[in-house]
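The values are calculated or read from the model by the stated rules, or taken from the named source; none is laboratory data. Since this is a predicted model, take the numbers as computed values, not measurements. Positions of Cβ are generated from backbone atoms using ideal geometry, with glycine treated the same way; all protein chains shown enter the neighbour counts. Note: areas computed on protein heavy atoms with side chains; ligands, DNA, RNA excluded. Shrake-Rupley method; radii C 1.70, N 1.55, O 1.52, S 1.80 Å.
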Amino acid sequence: MPKRVLKGLVVSDKADKTITVLVNRKVKHPVYKKYITRSKKYCVHDEKNKFKVGENVAIQENKPISKTKKWVVI
């Protein structure tokens, strides 16, 4: 099974080798049939501390690196 790939915006790079990525997605409301925006933050492994706040990145699912980090930057 292929690993999931998501695109999002870096909102924090304060931790060492970790960035926080905000991923937005549009979902259809079950009753009103309008599209609404849902967002979620992911802790992502960034080995070289290369990415800064405001950059758009693609992230990929990975085996757990720590308690909260299960994604890596591609």
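Values computed for the structure shown
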read-out	value
Average accessible surface area per residue within the chain, 1.4 Å rolling probe, Å²	78 Å²
Accessible area, probe 1.4 Å, largest first, for residues Thr18, Thr37	Thr37, Thr18
For Arg25, net neighbour charge (Lys/Arg +1, Asp/Glu -1) across residues whose Cβ lies under 9 Å away	+3
Accessible surface of the chain [probe 1.4 Å, protein heavy atoms]: carbon and sulfur percent	54 percent
Exposure rank, largest accessible area first [Leu9, Leu22; 1.4 Å]	Leu9, Leu22
Overall dimensions of the chain as given by Cα atoms, namely Rg and Dmax in Å	13.8, 45
